Every structure is written in structure tokens, then in C-alpha cells.
Amino acid sequence: MMNFRNPVFNAYGTIDCEVEHPVYGWVPMTVTPTDPETAAIHAAALAEGPGPYVPPVVVPANLNHSQWSFLLDLTGFRTVVDTALAALPKGTAEELALWAGMKAVAYESPEFTQHVTLVLAAQIRAMGIPGLSIPTDAEIIAAWPAAEAFQGAASLGVI
């Protein structure tokens, strides 16, 4: 039997591992109990106790300017950002730098990530602006796929 290492269950209930090939070194392989060529490795890996299956982390796509604008309006976050920017003090160089940074992140980035959007929302929540209805993280995350899919005029059937 070939040497193996790093056995883990995969999404299909079989086992992914690396086997030591005499020419190519360690190569990835999926082993199953029903495949005569891998059944012995599967049994040995199963006896060793494979690691659990860990689903891949799906990182949401970054949004371009028109998609970001769509998200801002879809979630009501544009009003939130504008209100936060207006509420920030701008009397000192440090305060002005904070205001300019928030404005640049909110409106001038070359692309917009979900992570930065959630951090921006958290920063605005921490400002404690009375009466400001800030979308929850769940609402922002739920709206993200619609913004990703937005393709400007083509989405409106104009083109």
C-alpha cells in the first residue's frame, strides 16, 4: 500500500489525502471504499481518523462603482453614510482626516468589498447617531448578491 498523509473527508463523504508517488512525490488523491485501487488506502485513512469536511469559504465579489451605488440605495446605506459624514466633526486636522478617510472609503474606492462595508457600518453604528436607521450586517450581506448581479443599463433592459 502507498504511504498517505493528511486525510480529510470531502463534500461527498469520501476521503481526500495525499499519497506518495515514487516519481511525482506527494500527490492529491480521493480514495473511496468502492474503488479497488484506493480501497486499502481508504480503510487505513478511515482507521487513522480523517479530519472533518470544511466547506470552502465563499468570498463575495467586489463591487464596481455602479454596483456599489445600487447597494447603497437598495439598503438605504447611502443616507446612513451621508448622515455620518455630516455628523463627523471637522475642526482639527485629525478630525478632518477621519472625515476625508470615511468619505474616500465610502465613495471613491476603485472597488468595494463586503468586509470593508461591514466595518464601515460598524464604525457608523459606534457613532451612536440618534434616530439613524443603519442596515444590519445581515441586511447588507443579503443585498450583496443583487448588487453583484447589477450590470447598469443592461440590468434595466436598456441595452
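Rule-based calculations on the coordinates, nothing more; no lab input. Everything numeric in this text was worked out from a predicted model, so none of it was measured. Glycine gets a Cβ as well: all are built from the backbone with ideal geometry, and neighbour counts include every protein chain shown.
Longest stretch of the chain clear of exposed loop sites (chymotrypsin sites (Phe, Trp or Tyr not before Pro), DSSP loop, at most 11 other Cβ atoms within 10 Å, sites excluded): 25-159. Where the only charges are on Cβ atoms (+1 Lys, Arg; -1 Asp, Glu), what is the dipole of region 65-156 about its Cα centre, to the nearest 20 debye? Around 160 debye, computed over region 65-156.
Return the label of the correct value of volume of the Cα convex hull per residue in Å³, as calculated from the structure shown, out of [x] 228; [y] 209; [z] 120. Given [x] 228; [y] 209; [z] 120, the calculated one carries the label [x]. Between the amide H of W26 and those of H21, distances stay under 5 Å, these residues lying 5 or more places away or on another chain, with hydrogens modeled in the peptide plane. Across region 73-79, coupling constants 3J(HN,Hα) worked out from phi with the 6.51/-1.76/1.60 Karplus curve, θ = phi - 60°, read 6, 4, 9, x, 6, 4, 4 Hz, and Gly and Pro carry x.
Count charges around A61 for me, please; just the other residues with Cβ under 15 Å from its Cβ, Lys/Arg as +1, Asp/Glu as -1. Here the charged neighbours net out to -2. Each residue of region 5-22 was assigned a 3J(HN,Hα) from its phi angle through the Karplus curve 6.51 cos²θ - 1.76 cosθ + 1.60 (θ = phi - 60°); the sequence is 8, 6, x, 9, 5, 10, 5, 9, x, 8, 10, 9, 7, 10, 10, 8, 8, x Hz, with glycine and proline shown as x. So if a site counts as exposed when it's one of the GluC sites (Glu not before Pro), its DSSP state isn't H, G, I, E or B, and it has at most 16 other Cβ atoms within 10 Å, what's the longest stretch of the chain without one? The longest such stretch corresponds to 38-107.
In the chain, the longest principal axis of the Cα atoms and the axis of helix 39-48 are about 60 degrees apart.
Whole-Hz Karplus values for region 99-107 come out as 4, 5, x, 5, 5, 5, 5, 6, 10 Hz, taken residue by residue from phi with 6.51 cos²θ - 1.76 cosθ + 1.60 and θ = phi - 60°; glycine and proline positions read x.
Think of each Lys and Arg Cβ as +1 and each Asp and Glu Cβ as -1; about the Cα centre, that makes the dipole of region 4-159 roughly 520 debye.
Close amide H contacts of G51 (hydrogens built in the peptide plane, cut-off under 5 Å, sequence separation of 5 or more or a different chain): V8, F9.
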